[in-house]
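Readers should treat all values here as calculations from the given coordinates under stated rules, not as data from a laboratory. Please read all numbers here as calculations on a predicted model, not as lab measurements. When we count neighbours, we look across all protein chains shown, and the Cβ atoms used for this are built from the backbone with ideal geometry, even at glycine.
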Amino acid sequence: MADKKISALTLKSNDLETTDIFAIAEDDGAGGYVSKGITGDEIKNGITEVTHNAQTGTSYTLVLTDRDKLVEMDNASANTLSVPLNSSVAFPIGTQILVVQKGAGQTRIVGLGGTAVYSESSHSYIVGQYGMATLVKCGTDTWYLGGNLETI
């Protein structure tokens, strides 16, 4: 078997095979570590590519299939991306959603109903065309928002 460079782990590579075994250290929860082997297939299956959801309207509410995607807001007019309540769309805690303002119209990100979207200094507008932001769900109806944001 040929040697594999560890840098190959950062790419979705056909060079990783089922028979390749990589040793890792896993936290045992008691301050120590346990050695564990993972296969090339486990590594390849754990690496994901970001797919996108193109939106051209002036308003869009996230849906479950937006989980771990890039939502492109492509409109020449001001537009709003809304984060729904958990009772409407039950995203798992830890969900990440990337948002890009693809069009010239400024994108605002807001929570619906009782959904809290926390960001630095309560910034909720993407700064400009091709600016990006990331939403991360951290509680039942609580999200963090970070990125290239401002308040207007």
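If we count every other residue with Cβ under 14 angstrom of S77's Cβ, Lys/Arg +1 and Asp/Glu -1, where does the sum land?
+1
Report, for region 52-150, the % of DSSP beta bridges that are antiparallel, rounded to 5.
DSSP beta bridges in region 52-150 are roughly 40 percent antiparallel.
Counting other C-beta atoms within 10 Å, which of E120, E72, E49 has the fewest, and how do the rest follow?
Taking fewest neighbouring Cβ atoms as first place, the list is E49, E120, E72.
Grab the Cα-Cα distance for T51 and S121, subtract it from 0.36 nm times how many residues apart they are, and report the gain in nm with one decimal.
Here the segment from T51 to S121 would lengthen by 22.2 nm.
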